[in-house]
Amino acid sequence: MKFPFSGVQVLCAATLLGAGALLAGCASIANGVAVVGETAGVITPQQGDSLRKVGDAVEKTFADITPEQEYYLGRAVGATIVHKFKVYDNEAATRYINVLGQTLAAASERPETFGGWHFLILDSDEINAFAAPGGFVFVSRGMLRLCKTEDDLAAVLAHEVGHVELQHALRAIKGSRLTSALTTLALESAKSLGGEALAQVTEAFEGSITDISGTLMNSGYARKQERQSDEVAIRVLKSVGYDPYALTRVLTEMQKHLEPGGHDFAATHPPPQDRVKDLKTMLGKTPAVEIPAVRTARFQKALAGI
């Protein structure tokens, strides 16, 4: 079967920027090594203007990063993730979480991304889920086993959709690193990008990928960001008709299985009990949704053997 990634090959630095300077080579991070090819083409005035805007504003906001730039950066981060965890090769299960995920994403404030939304299962027993920029969402087999109903899984995916909607992963990039890369491109907008400038951009974006990947897989987001994504999840779940209380159930179940000091969800997220407390405040008197039997049956059939 085909997945959203062509192996772990990703486009190189200038393409990640969406700058129009097409590089013949690509950066492969299958072995943690980037190989950059030669350059061809120039940056258009429109693209150069966009880059100048980003260079000026990057330390304050990521609003001027284009959807194309975000997509290619997210694809590179995604390649890093699947290199570490590997992909679970189950076409029926992958199709199922994509249908569910696309439904949830359509109800978010970012129903469309440059390259579309992609949901992938990681072949790992760890209890975890990640969302890379541009609409790449990953959920582990361990997390899927933790979910007892389709509503539970919808809650997990809706939370990750929230991270993409709010562009939390982009904020993991060190401002000075991104400013350096984009300023270089702006200055080089009138001619081909090559030599020292190309090396600088490549290094900056390799670092950006490392910044994001490290946040997703090691340090995690701040409690404020997790709360923001939970707020999005509640809104999305209500909009689609799933039980918003499912997120509290999943977190409560996680609390039973997570080991302090582990490398999974416990290492990359605030304590589940803290989020449950916040969720109860957010939900207030929101009525629970009765889960139709057909949903549970569909869920069990699609994820049998996970």
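A few comments on the model shown:
- Pairs linking a residue in region 229-244 that is on the phi > 0 side of the Ramachandran plot to a residue that is assigned to a loop (DSSP other than H, G, I, E, B), with Cβ atoms under 9 Å and 6 or more positions apart or on different chains, are Gly241/Val289.
- Look at region 279-291: where a residue is closer than 17 Å to Ser239 by Cα and a partner is loosely packed, with under 15 Cβ neighbours inside 10 Å and not aliphatic (A, V, I, L, M), sitting 6+ places away or on another chain with Cβ atoms under 7 Å, you get Val289/Gly241.
- Test: residue in region 127-136 that is outside any loop (DSSP other than H, G, I, E, B), buried (at least 17 other Cβ atoms within 10 Å of the Cβ), touching a Gly at 6+ places or on another chain (Cβ under 6 Å) and free of Cβ contacts under 8 Å to residues at least 40 places away in the same chain: no
Every number in this text was worked out from the coordinates using simple rules, so none of it is lab data. Bear in mind that the values here come from a model prediction, so they are computed numbers and not experimental data. Neighbour counts run over all protein chains shown; Cβ positions are idealised from the backbone, glycine included.
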